[in-house]
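Here the structure comes first, spelled out in structure tokens, and everything after it is commentary.
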Amino acid sequence: MIALVKKLPQISIIVPVYNGAKYINQCIEMVINQTFKDFELIIVDDGSTDNTKKMCNEYEKKDKRIKLITKKNGGTWAARNIGIDVALGKYIIFFDCDDWYQDNLLKAMYECMDKNKVDLVISGQTNVFVDKDGETIRKTVVIPEENIYTTNNEILDNYILLRQAEIGDVLWNKIYKAEIIKKYKLKFQNYKRGEDLIFNANYYEHIDKCMVIGKSFYNYRIENSNPVWQKYSDNYLNVVKDENKAIVDKLKKWDKYDKFAIEYQSTHFTYRIMEYFYSVVCSKNKMSYKEKSNKVLNLINEKEVQKNLKDSNVIGKYPKLIIKFMKSKNIALILFLVKMKLIQNNIKDFRM
């Protein structure tokens, strides 16, 4: 008797979800309607308390390509790691459940990966800014310049350029080789913010051929009413520092921490410090004006902040003014400008 060998899927799509009942049906339908059909959809329910699990169960019953895994709530990073552990596909793609995907995304990314025999394909993306009601405010389309890198050193040489082009850090504009992820035991780490950035840096370290295509297939939702600094308001500063240290250490390990990399990473870090100022002004705690002033001043006086401030090169009138007042330690004007920016962005939960 001849044993039947189950055909493995070409692509594993990993979708972490927590209380995603508002979006999960749309997410699954967009995957099912892809023109490329040889995939498995791994949905990792991270301890949802709404109807997410029930809704996913219904799809799992109807489509054998869909796998639902439930786990105790532990964060997106842990959910993605479980998806990696059970993935059977030759390639891996990461989606978020509240975004939109063009129906040719899988086909285009797969064909580019398979035809060119590369370890990674990177595309552009469309950033969709939405208000509190989910209505689109504006869109920015990121279309990178097409390129192919044929050695690991060439990839690492262009690491900062990929990040500068806004395509290097995120997950959803890439297709990865499962073999490489599993061979080097690459996993997401609990960095709170920046786990995508760290995962990609670890992946770049182990690949020899990468292709960038000048197309956008993925629409990434950005909620103006729920900025990243608000999500991590309690420990945002520590999150930013941990992320910065991890990337600087990586660049030094690669021997790529040159003047260009120093300026880029310092600028990146300085922008995050500005976001931290938002969390101080927009804080839900009952700090007095004096306490907020001292908090900002103490941060500016830190050696790490001073060094990055010196090496940074921010763009735009508002950031340049904040930098000017940081250097002169004019705390009153920093807090005033941040307050005005929050009003402009229609974020009203501030106390001065």
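The values are calculated or read from the model by the stated rules, or taken from the named source; none is laboratory data. Just so we're clear, the structure is a prediction, and the values are computed from it rather than from any experiment. Every residue, glycine as well, gets a Cβ built from its backbone with ideal geometry; the counts of neighbours run over all protein chains shown. When the accessible area is computed, the model is the full protein with side chains, heavy atoms only, and any ligands, DNA or RNA have been set aside. Shrake-Rupley method; radii C 1.70, N 1.55, O 1.52, S 1.80 Å.
For region 76-98, enumerate the residues that are assigned to a loop (DSSP other than H, G, I, E, B), touching a Gly at 6+ places or on another chain (Cβ under 9 Å) and farther than 22 Å from residue 21 by Cα. Answer for region 76-98, where residues must be assigned to a loop (DSSP other than H, G, I, E, B), touching a Gly at 6+ places or on another chain (Cβ under 9 Å) and farther than 22 Å from residue 21 by Cα: there is none.
In the set 249, 258, 234, which member is surrounded by fewer than 19 Cβ atoms within 10 Å (Cβ to Cβ) and either closer than 22 Å to residue 112 by Cα or at pLDDT below 95 (or both)? Outline the logic, then answer.
Values: 249 fails: either closer than 22 Å to residue 112 by Cα or at pLDDT below 95 (or both); 258 fails: either closer than 22 Å to residue 112 by Cα or at pLDDT below 95 (or both).
None of the other options fit; the residue is 234.
On the stretch given as region 26-47, residues that are under 26 Å from residue 75 (Cβ atoms) and of a type in the set (S, T, N, Q) total 1. In the set (1) of a type outside the set (A, V, I, L, M); (2) under 28 Å from residue 26 (Cα atoms); (3) not in a helix (DSSP H, G or I), the condition left unmet by residue 199 is number (3).
Within the option set 303, 317, being surrounded by fewer than 16 Cβ atoms within 10 Å (Cβ to Cβ), farther than 18 Å from residue 334 by Cα and without any contact (Cβ under 8 Å) to a residue 12 or more places away in the chain holds for one residue only, 303. Within region 70-122, the residues that satisfy the criterion of being free of Cβ contacts under 8 Å to residues at least 40 places away in the same chain and touching a helix residue (DSSP H, G or I) at 6+ places or on another chain (Cβ under 8 Å) are 70, 71.
Which of the following residues is within 25 Å of residue 82 (Cα to Cα) and modelled with pLDDT under 85: 170, 228? Steps first, please.
Values: 170 fails: modelled with pLDDT under 85.
Of the residues listed, the single one that is within 25 Å of residue 82 (Cα to Cα) and modelled with pLDDT under 85 is 228.
Could you pull out the residue among 279, 266 that is farther than 30 Å from residue 158 by Cα, among the hydroxyl-bearing types (Ser, Thr, Tyr) and in a helix (DSSP H, G or I)?
On the way: 266 fails: farther than 30 Å from residue 158 by Cα.
It is 279.
Please determine whether any residue of region 112-119 is over 29 Å from residue 255 (Cα atoms) and either in a strand (DSSP E or B) or open to solvent by 90 Å² or more (accessible area, probe 1.4 Å) (or both). Yes: region 112-119 contains one or more residues that are over 29 Å from residue 255 (Cα atoms) and either in a strand (DSSP E or B) or open to solvent by 90 Å² or more (accessible area, probe 1.4 Å) (or both).
Restricting region 40-75 to residues that are surrounded by fewer than 19 Cβ atoms within 10 Å (Cβ to Cβ) and of a type in the set (Ser, Thr, Tyr), the residue that is farthest from residue 110 (Cα to Cα) is 49.
Which of the residues spanning region 170-195 are charged (D, E, K, R), open to solvent by 80 Å² or more (accessible area, probe 1.4 Å) and in a loop (DSSP other than H, G, I, E, B)? Quick ask: steps written out before the conclusion?
So the first thing to find is which residues in region 170-195 are charged (D, E, K, R), and the list is 174, 177, 179, 182-183, 185, 187, 192-193, 195.
Now drop any that are not open to solvent by 80 Å² or more (accessible area, probe 1.4 Å), which leaves 179, 182-183, 185, 192.
Correct list: 185, 192.
Only one entry of 28, 84, 13 meets the criterion of being at pLDDT 95 or above, open to solvent by less than 10 Å² (accessible area, probe 1.4 Å) and more than 21 Å from residue 217 (Cα to Cα), and that entry is 84.
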